[in-house]
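Here is the structure we will look at, set down as structure tokens.
The values are calculated or read from the model by the stated rules, or taken from the named source; none is laboratory data. Here the structure is a predicted model, which is why all the values come from computation and not from measurement. Glycine gets a Cβ as well: all are built from the backbone with ideal geometry, and neighbour counts include every protein chain shown.
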Amino acid sequence: MSIEFGLRVPMVGKPQATGAKAKLVEEAGFDFMWVPDTPLLAGRWRDVYMHLTCAALETKNLRLGPGVTNPITRHPVTVGSAIVTLDEVSDGRAELVVGTGYSSAYIIGRKAATLKLMRESAALWKGIFSGERTQLGGLEIELEPPHPKLPVYLAASGPKSLQLAGEVADGVLIMVGAHPGCVQWALEHVEAGMAKAGRKREDVRRMLVLTACVDDDRQHAIDLMRPCVGNLCRHAFATELFDRAGLEPVTVPEQTLQPYPDLGHAVDWEEAKRATAYIPDETVAAMMALGSGAEVAERTQALIDLDLDAIWWRDHGTWEHPDALMKGIVEEVMPRVLG
């Protein structure tokens, strides 16, 4: 079974910097690169599609997309227009990766997208891309030319969103940590959605967000990645996840202060580490892929064996390029996993 690797590359500097980084990512052997999309996060991030356009102009084969966008901060029609344009600039290398926009929505005072909106948006995009005559409310349109190969992937963590992805999307981006038991739990929900819609295994691409740190100093890696597990603790289904990993549930202390702008994108990572000091070392080690290259490769192989199609690698950071992780994957993990 073949596996594809992608890399999360946040916006750092001007769009041209993202273009230059994309060239290096492609040369390193990655198959795709997705750039996170939260407009003006902490006043630092800019427009993801301008950054992706520069990435497209600097690469030849690397697939590109927002990782992830949402139908709240951008109207679904605007999302459709932007991704089609990227697909044209890149000669068919665009991928649309969409989530509910939890972190994106709250910074503008909105709630994350409902599953109803996610279902409607996915149907709208798939219809437009395939060339169907589409009613936008006041006007019917028909995309000319159509882009029928442009995929719509849904990022999902909870049972209902995982099932929705299995039911309606071209693929699912699973976001439940790195423990095989948790990923198997997620896949069961994806397959339930597929069964409901009468879909086959080949109809739904199975991708995993793998948050990782390749570092021979295991304790340093655990301390660095602890806030990433804190993000999982906020979910209503966290107890079920930890149970599938064979872990005791983690109780978030009352009045725990959240770093700015949020735990997953903290400008001050030391503050994020202090805010999540309540999470045990063994929980961090179980829920993340960390340690030496051999340890990360072993965990990666265990996840691949669950019948995944792709892994989207990300590190803990938001405000710097993932250079250390990229080096560790290329030099120590890829050779072990890909042979």
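The table below gives the values:
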{"quantity": "Scope region 236-277; condition loosely packed, with under 14 Cβ neighbours inside 10 Å and of a type in the set (Phe, Trp, Tyr); matching residues", "calculated": "TYR260"}
{"quantity": "Subset of region 277-318 [closer than 17 Å to VAL333 by Cβ, under 17 Å from the mean Cα position of the chain (by Cα) and of a type in the set (D, E, K, R)]", "calculated": "ARG314, ASP315"}
{"quantity": "Answer residue from region 1-56, given it is of a type in the set (S, T, N, Q) and within 25 Å of ILE107 (Cα to Cα) and is nearest to the chain's Cα centre (by Cα) among those", "calculated": "THR38"}
{"quantity": "Among the candidates VAL229, VAL284, residue that is under 25 Å from ALA155 (Cα atoms), of a type in the set (A, V, I, L, M, F, W, C), at pLDDT 95 or above and touching a Ser or Thr at 6+ places or on another chain (Cβ under 8 Å)", "calculated": "VAL229"}
{"quantity": "Selected residue (criterion: modelled with the lowest pLDDT) from residues of region 57-81 that are of a type in the set (A, V, I, L, M) and more than 19 Å from the chain's Cα centre (by Cα)", "calculated": "VAL77"}
{"quantity": "Scope region 44-87; condition outside any helix (DSSP H, G or I), without any contact (Cβ under 8 Å) to a residue 60 or more places away in the chain and either of a type in the set (A, V, I, L, M, F, W, C) or in contact with a Cys (Cβ under 7 Å, 6 or more places away or on another chain) (or both); matching residues", "calculated": "TRP45, LEU62, LEU64, ILE72"}
{"quantity": "Whichever residue in region 187-200 is more than 20 Å from ALA302 (Cβ to Cβ) and within 21 Å of the chain's Cα centre (by Cα) and, among such residues, is surrounded by the fewest Cβ atoms within 10 Å (Cβ to Cβ)", "calculated": "MET194"}
{"quantity": "Boolean, GLY131 is over 17 Å from ALA82 (Cβ atoms) and touching a Phe, Trp or Tyr at 6+ places or on another chain (Cβ under 6 Å)", "calculated": "no"}
{"quantity": "Tally of residues being surrounded by 17 or more Cβ atoms within 10 Å (Cβ to Cβ) and either assigned to a loop (DSSP other than H, G, I, E, B) or among the aromatic types (Phe, Trp, Tyr) (or both) across region 13-30", "calculated": "1"}
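So that you can scan it fast, the table gives a plain yes or no per residue for (1) closer than 28 Å to VAL35 by Cβ; (2) free of Cβ contacts under 8 Å to residues at least 40 places away in the same chain:
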| residue | (1), (2) |
| --- | --- |
| CYS182 | yes, no |
| GLU188 | no, yes |
| ALA192 | no, yes |
| LEU224 | yes, no |
| HIS235 | yes, no |
| THR239 | no, yes |
| ALA245 | no, no |
| GLU248 | no, yes |
| MET288 | yes, no |
